[in-house]
Amino acid sequence: MTSTQRQVVIGFDFSRSGRAALQRAIAIAVRAPFHVLHFVCALDHVAIPAIPTHGAIDYLYAERVQLALTEEVEAELRGTAGTSSVHFCVHVRIGKPAEELLGVARGVGADLIIVGSRDITSLQRLVLGSVSSQVARDAGCTVEIARPKSYPFVDLAVMTEVEPHLHYLPPHRYTYEDQRVSLRPRDWPLY
């Protein structure tokens, strides 16, 4: 893979799942700094609870949201270990979230879109639609759905030899180094 810039569009709405998308995008950019992050917040005529409006949802409100989003990204970058250089843009648009995300993705030639997924009921999804579903369906690139982790941390057990039988084949672990694939011994750590 070449080190040309890759464009990543991230949907952010100041929600818990939006923060999961933000954290996932920053983790990618820290490990691979050739990614340029484009954070998109679409205002669908509803104010963001964390940023009160003083009237209508207009361009003055969008500017306040843009400043708040920039502060969120900066705070996350300051709290991320190993951050040296991450390039990002902040887009705040007034319109339908899925349409605005896809519009920015087309405009920047996105290689990846990261969106959060809200926990909504089937009825709400039927009536309102799901932004993540629409983006995944209509995107012209890979879409990743980010969710806050709900699985507990698990210490992996030491692998022991078992007798193979018809219904179980033990996993094989490999390492790719110096353009070679090597089978790893069972006692090697997973990381």
Can you compute 3J(HN,Hα) from phi for each residue in the range 97-107, using the Karplus curve 6.51 cos²θ - 1.76 cosθ + 1.60 with θ = phi - 60°, rounded to whole Hz and x for Gly and Pro?
x, 5, 5, 5, 4, 5, x, 5, 4, 5, x
If you plug each phi of the range 36-49 into the Karplus form 6.51 cos²θ - 1.76 cosθ + 1.60 with θ = phi - 60°, what whole-Hz ³J(HN,Hα) values come out, in order, with x for Gly and Pro?
9, 8, 10, 7, 10, 10, 9, 9, 9, 6, 10, 6, 7, x
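I need the fraction of alpha carbon pairs in the range 1-85 separated by more than 23 Å, rounded to a whole percent. Please report the intermediate quantities before stating the final value.
Details: 992 of 3570 pairs.
Result for the distance tail: 28 percent.
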With a Cα-only, solvent-free Debye model of the range 6-146, what are the log10 I(q)/I(0) values at q = 0.13 Å⁻¹?
-0.53
Amide H neighbours of Glu144 at under 5 Å, excluding residues fewer than 5 places away on the same chain, with H built from the backbone geometry, are Ile113, Ile114, Val115
Please list the non-local residues whose amide H lies under 5 Å from the amide H of Ile94, H modeled 1.01 Å from N, same-chain partners needing a gap of 5 or more.
Leu43
On the formula 1/(1 + (r/R0)^6), with r taken between the Cβ atoms of Arg106 and Thr53 and R0 of 35 Å, the FRET efficiency rounded to 0.05 is 0.75
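The numbers here are math on the coordinates, done by the rules we state, and not lab data. Just so it is clear, the model here is predicted, and its values are computed rather than measured. Because the Cβ atoms are built from the backbone with ideal geometry, glycine has one as well, and the counts that use them run over all protein chains shown.
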